[in-house]
Amino acid sequence: MARPCTTATYVEYLAYLIEPGRSPNAVNAAMSAIRTWIPEDLKPGTRQARAC
């Protein structure tokens, strides 16, 4: 499901981006872009995402 995404989906996608060795700046940009698209009350958690 693209929007809104759950925190689990968000974490899984970011792990997918990190795996091939993308730069931290690219991953942070993706995190920001995803959270921008999602309504405020449905935004996925960043704490869990940053732990991956």
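Provide, in order from the shortest bin, the percent of all Cα-Cα pairs of the chain in each 10 Å bin, continuing until the bin that contains the maximum pair distance.
27, 59, 14, 0
Taking a probe of 1.4 angstrom, what is the accessible area of Glu40 in Å², to the nearest 10?
Glu40 exposes around 140 Å² with every protein chain in place.
Could you state how much accessible area Ser23 has, in square angstrom rounded to the nearest 10, with a 1.4 Å probe and all protein chains kept in place?
Solvent-accessible area, nearest 10 Å²: 60 Å².
Between Thr7 and Ala33, what length in nm is gained on full extension when 0.36 nm per residue of separation is reduced by their alpha carbon distance?
Working: separation 26, 0.36 × 26 = 9.36 nm, distance 1.46 nm.
Fully extending the segment from Thr7 to Ala33 adds 7.9 nm.
What are the ³J(HN,Hα) values, in whole Hz, obtained from phi via the Karplus relation 6.51 cos²θ - 1.76 cosθ + 1.60 with θ = phi - 60°, for each residue of region 16-24 in sequence order, with x given for Gly and Pro?
4, 6, 6, 3, x, x, 4, 5, x
Return the distance in nm (one decimal) between the two label points of a simple spin-label model at Ser23 and Lys43, each offset 7 Å from Cα along Cα→Cβ.
2.5
Roughly how big is the chain's charge dipole about its Cα centre, with Cβ charges of +1 (Lys, Arg) and -1 (Asp, Glu), in debye to the nearest 20? Let's see the in-between values first.
Values: 6 positive and 4 negative charges, 21 e Å.
Using only the charged Cβ atoms, the result is roughly 100 debye.
The values are calculated or read from the model by the stated rules, or taken from the named source; none is laboratory data. Just so it is clear, the model here is predicted, and its values are computed rather than measured. Neighbour counts run over all protein chains shown; Cβ positions are idealised from the backbone, glycine included. For the accessible areas, the whole protein counts, side chains as well, though only heavy atoms, and no ligand, DNA or RNA atoms are used. Shrake-Rupley method; radii C 1.70, N 1.55, O 1.52, S 1.80 Å.
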